[in-house]
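Read the figures in this text as sums done on the coordinates, not as results from a lab. Source: prediction; values computed, not measured. We place every Cβ from the backbone using ideal geometry, glycine too, and count neighbours over all the protein chains shown.
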Amino acid sequence: MEEMEIAIGPYRYSARADGPVDGELVLLLHGFPETSYEWCAQLAALGNAGYRAVAPDQRGYARRARPLDVTEYAIDHLVDDVRAFADALGAERFHLVGHDWGGFVAWYAGAALSDRIRTLTVVSTPHPVPFLAAIRAGGDQRERSSYIEWFRTPDAEATFLADDAAMLAAAYADHPADAAAEYRRVFTADGGAALTGGLNWYRANDFAAPVGAITAPTMYVWSTDDVALGRDAAEGTGAQIAGPYRFEVLDGVSHWIPEVAPDALNVLLLDHLGKN
């Protein structure tokens with residue numbers, strides 16, 4: 001696996017990569033509170049299969065790409081980053097994969113960049129339309145998403161980092177030990193600057209921005225033990241997809257699919273990319 005940097009305007013995004021430079025590009029977008037490290041298993045599998053797999057540390061997470069203005073984390077800027085990543089890597093067309101917050105960005109980018117997306121794969125995160133509808137319905141998803149308003153408060157960072165970052169450590173209870181240690185290192189460094197960067201995604205977005213048509217071959221992978229994202233929005237996602245669609249469910253798996261079920265996800269991902 002390689003470590004690299006992607007230059008976009010005034011910013012420099014750290015990234016991890018694998019595979020031949022002339023392979024089809026697969027961009028992998030991480031979630032919160034994680035980094036490109038969450039995709040280590042997928043980078044290796046994709047690289048071995050001949051793809052050029054690149055996972056950037058996204059806006060706010062990369063040390064040299066942390067704008068101070070919260071509005072700089074709005075979804076249109078995050079989608080612009082995806083476009084710029086592909087441009088900088090020399091790919092007119094590419095496969096796009098996202099998990100958690102990276103999944104939300106992938107939905108929007110999949111629509112906005114429809115002429116450039118070979119395939120779209122979203123892990124855990126339902127399409128924004130059924131997600132917001134499920135929250136507004138006031139049932140299970142509203143309860144699951146109650147943490148979001150707290151994440152937007154000015155006190156969120158201090159609470160995450162209190163008592164030797166106990167709350168942050170608790171978020172990684174299901175993670176492999178190496179991943180938990182890496183994330184703890186990143187999010188406690190520099191006074192929690194990367195933590196603020198990640199939380200600013202919540203502060204800048206309300207999930208209500210309209211999403212265009214998704215026409216690329218799309219796979220959505222959801223897991224039954226996801227505490228944050230429930231079945232109603234997951235099962236409602238297919239109605240929002242205009243192109244070929246497959247819905248895969250992993251039983252007994254938590255929210256952190258790329259790391260806790262890497263083999264299962266890799267099989268699905270390589271099959272999806274290989275058929276399209």
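Quick notes
- For the range 32-37, 3J(HN,Hα) computed residue by residue from phi via the Karplus equation (6.51, -1.76, 1.60; θ = phi - 60°) reads 10, x, 9, 9, 4, 4 Hz, glycine and proline entered as x.
- Each part gets one Cα centre, and for the range 19-76 versus the range 100-159 those centres are 17 Å apart.
- Local electrostatic count at ASP190 - Lys and Arg +1, Asp and Glu -1, tallied over other residues with Cβ under 12 Å: +3
- Magnitude of the charge dipole, the chain, Cβ model with Lys/Arg +1 and Asp/Glu -1, debye to 20: 600
- Theoretical gain in end-to-end length, ASP190 to ARG118 [0.36 nm per residue, Cα-Cα removed]: 22.1 nm
- 14 Å beta-carbon shell around ASN200, net charge (K/R +1, D/E -1): -1
- Calculated on the Cα set of the chain, radius of gyration then Dmax: 17.2, 49 Å.
- From its DSSP helices (H runs of at least four residues, each -39,500 (n - 2.57)), the chain gives a residue-normalised ellipticity at 222 nm of -12500 deg cm²/dmol.
- Residue-count net charge about ARG116 - beta-carbon cut-off 10 Å; Lys, Arg +1, Asp, Glu -1: 0
- Maximal additional length on extending the THR153-ALA177 stretch stands at 5.7 nm, based on 0.36 nm per residue less the C-alpha distance.
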